[in-house]
Structure formats: C-alpha cells, structure tokens
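> Next up is a structure, given as structure tokens.
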Amino acid sequence: SRTILRLPAVLKRRGKSRSAHYADVKAGLFVPPVKLGLRARGTPDDEVDTLIAATIADKSDDEIRALVVKLVAARKAAK
C-alpha cells in the first residue's frame, strides 16, 4: 500500500534541507507534493523511493526530470 509522507519525513529520507528540497521541486528534479487538505501536503513514499534510487544510480538531471514527469502523469492516471 502507498503511504503519504509529510515534509519532515521526506527531508529525512532525502538528507536534504527544506530549501534544497524546494529548489529541486522547482527545477523539476523532485515531484511536487499532493494536496491532502486545505493546508496539508504530502508525497507518496514510493515516488520518494524511486527518485532516491535514481539519484543513487547516478542518473543525469535530464533522466530524473523525465522520471518526475512520468511519476506525476501516473498520479493523474491513477485517479
């Protein structure tokens, strides 16, 4: 089953600061969070794990951007 991680858990898994994380989201190197409520956001854990694995596999920024696009598209398809 999919678990939604809140920002502190995502930052801990990625080993990144809040500002570095949001810079990656803006640059298309990480998936944007999903809306959970009016002020709540989170990121599916499987997407976090997929992007961490791509980083570990030394994928290029362009390959990671393509993966982000694919993951976001899969969210829409799952609805």
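> Looking only at the stretch 43-56, which residues are open to solvent by less than 60 Å² (accessible area, probe 1.4 Å) and among the polar types (S, T, N, Q)?
Within the stretch 43-56, 43, 50 meet the criteria.
> Okay, next question. Determine, yes or no, whether residue 39 is part of a helix (DSSP H, G or I) and either over 21 Å from residue 74 (Cα atoms) or of a type outside the set (Phe, Trp, Tyr) (or both).
Working: part of a helix (DSSP H, G or I): no; either over 21 Å from residue 74 (Cα atoms) or of a type outside the set (Phe, Trp, Tyr) (or both): yes.
So residue 39 fails the test.
> Still on this structure, please answer the following. Would you confirm, using the coordinates I've provided, whether residue 59 is open to solvent by 90 Å² or more (accessible area, probe 1.4 Å), of a type outside the set (Asp, Glu) and at pLDDT 95 or above?
In short, yes.
> Still on this model: Which one of these does residue 65 not meet: (1) over 12 Å from the mean Cα position of the chain (by Cα); (2) surrounded by 12 or more Cβ atoms within 10 Å (Cβ to Cβ); (3) not in a loop (DSSP other than H, G, I, E, B)?
(1) is the only condition that residue 65 fails.
> When you scan the stretch 33-42, how many residues do you find that are open to solvent by less than 90 Å² (accessible area, probe 1.4 Å), out of contact with any strand residue (DSSP E or B) (no Cβ under 8 Å at 6 or more places or on another chain) and of a type outside the set (A, V, I, L, M, F, W, C)?
Qualifying residue count, the stretch 33-42: 1.
> If you don't mind, there's one more thing I want to ask. What are the residues in the stretch 1-26 that are touching a helix residue (DSSP H, G or I) at 6+ places or on another chain (Cβ under 8 Å), open to solvent by less than 90 Å² (accessible area, probe 1.4 Å) and outside any helix (DSSP H, G or I), if any?
3, 4, 5, 16, 17
The values are calculated or read from the model by the stated rules, or taken from the named source; none is laboratory data. The structure presented is a predicted model; accordingly, all values stated were derived computationally and were not measured. No Cβ is skipped: glycine too gets one built from the backbone with ideal geometry, and neighbour counts run over all protein chains shown. These accessible areas exclude ligands, DNA and RNA; they are computed on the full protein's heavy atoms, side chains included. Shrake-Rupley method; radii C 1.70, N 1.55, O 1.52, S 1.80 Å.
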